[in-house]
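Note sheet for the following structure.
The values are calculated or read from the model by the stated rules, or taken from the named source; none is laboratory data. Because the structure is predicted, anything quoted here is derived from the model rather than measured. Positions of Cβ are backbone-derived with ideal geometry, glycine not excepted, and every protein chain shown enters the neighbour counts. Note: areas computed on protein heavy atoms with side chains; ligands, DNA, RNA excluded. Shrake-Rupley method; radii C 1.70, N 1.55, O 1.52, S 1.80 Å.
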Amino acid sequence: MPVLSEDSGLHETLALLTSQLRPDSNHKEEMGFLRDVFSEKSLSYLMKIHEKLRHYERQSPTPVLHSAAGLVEDVIEELQTAPVNNEEKELLQLLSTPHLRAMLVVHDTVAQKNFDPVLPPLPDNFDDDFDEESVKIVRLVKNKEPLGATIRRDEHTGAVIVARIMRGGAADRSGLVHVGDELREVNGIAVLHKRPEEISQILAQSQGSIILKIIPAIKEEDRLKDSKVFMRALFCYNPKEDRAIPCQEAGLPFKKQHILEVVSQDDPTWWQAKRVGDTNLRAGLIPSKQFQERRLSYRRTVGTLQNPKTVKKPL
């Protein structure tokens, strides 16, 4: 059996393993699978790249200069302030090209090792009582749009819980906030003893960067799945006039004959929908078909509805 030397690379080891595979009547499928895997060119290329990187790492290269871009600026300034010959003029043109200057900036960034992402600082009053893994600091960026989430107060614990995530909103796009998460702080303001209306006001008034302190749910809900349920509205709806909606700002107004795409029916009372053809990709709350029919039935019972009609029907 061939012996590998200390200098043998991974791709050589891989080739040797492939050559040593022998047919085995008891494990034909397994041997065939291994042979196919080891024979993949892409795997061989990955091994070679790995070896190059390890070799480069063992050399421990150190930059000769940490500010090459600044040095080039000084050279350009020196050449521009004095008479130059043809060679110096060519050097000046070369150093002035944007591609070379961009490459030198990248060189300095790597040499100074300041290419790590800049993370937001933790709040000064960070609560150390919580387990390190149980608290999540989330930073969201929003403009004048709503955050795209509604909250509720847990009846048993009094905690502020994320009740729903609106499709297409800032919270949904981030993928960092989930239904069932417990909200503890908004921009350093504790919300444990505040009413949901006060918290919604704080979120609505916050612009730009919003830092949330969240205790993740024990079991985070799965992402909402796309739905292709379309309905034609047979009545007009204005969430600002609906006192039953959990969050008027999250409501979706629509008019009769509008086509709505229902993207979530997880809540039996309040669905999430978008107006077809609307440029706004964020979904809004609408009353579910069953809930609206119950309301109409009640109004007919008390005599406040004169001409009842079916609410909406699937197309």
| query | Among Glu51, Glu57, which is within 28 Å of Gln112 (Cα to Cα), under 35 Å from the mean Cα position of the chain (by Cα) and surrounded by fewer than 10 Cβ atoms within 10 Å (Cβ to Cβ)? | reply | Glu57
| message | Which pairs turn up if I take residues in the stretch 288-303 that are closer than 13 Å to Ala244 by Cβ and look for partners that are of a type in the set (Gly, Ala, Ser) with beta carbon separation below 8 Å, at least 6 apart in sequence or on another chain? | response | Arg295/Ala244
| Take the residues of the stretch 259-287 that are buried (at least 19 other Cβ atoms within 10 Å of the Cβ) and outside any strand (DSSP E or B): which is nearest to the chain's Cα centre (by Cα)? | Arg282
| Residue among Val110, Val141, Val118 that is open to solvent by 50 Å² or more (accessible area, probe 1.4 Å) and either over 19 Å from the mean Cα position of the chain (by Cα) or at pLDDT 80 or above (or both) | Val110
| said: Filter the stretch 148-192 down to the residues that are in a loop (DSSP other than H, G, I, E, B) and within 19 Å of the chain's Cα centre (by Cα) and list them by number. | reply: Gly148, Met166, Arg167, Gly168, Gly169, Gly175, Leu176, Val177, His178, Val179, Gly180, Asp181
| task | Would you please name the residue that is most open to solvent (accessible area, probe 1.4 Å), looking only at residues in the stretch 218-242 that are in a loop (DSSP other than H, G, I, E, B), modelled with pLDDT of 80 or more and closer than 22 Å to Leu147 by Cβ? | result | Asn238
| Mind checking whether some residue in the stretch 29-42 is modelled with pLDDT of 80 or more and not charged (D, E, K, R)? | yes
| query | Where residues in the stretch 61-74 are in a loop (DSSP other than H, G, I, E, B) and open to solvent by less than 80 Å² (accessible area, probe 1.4 Å), which of them is farthest from Gln112 (Cα to Cα)? | reply | Pro61
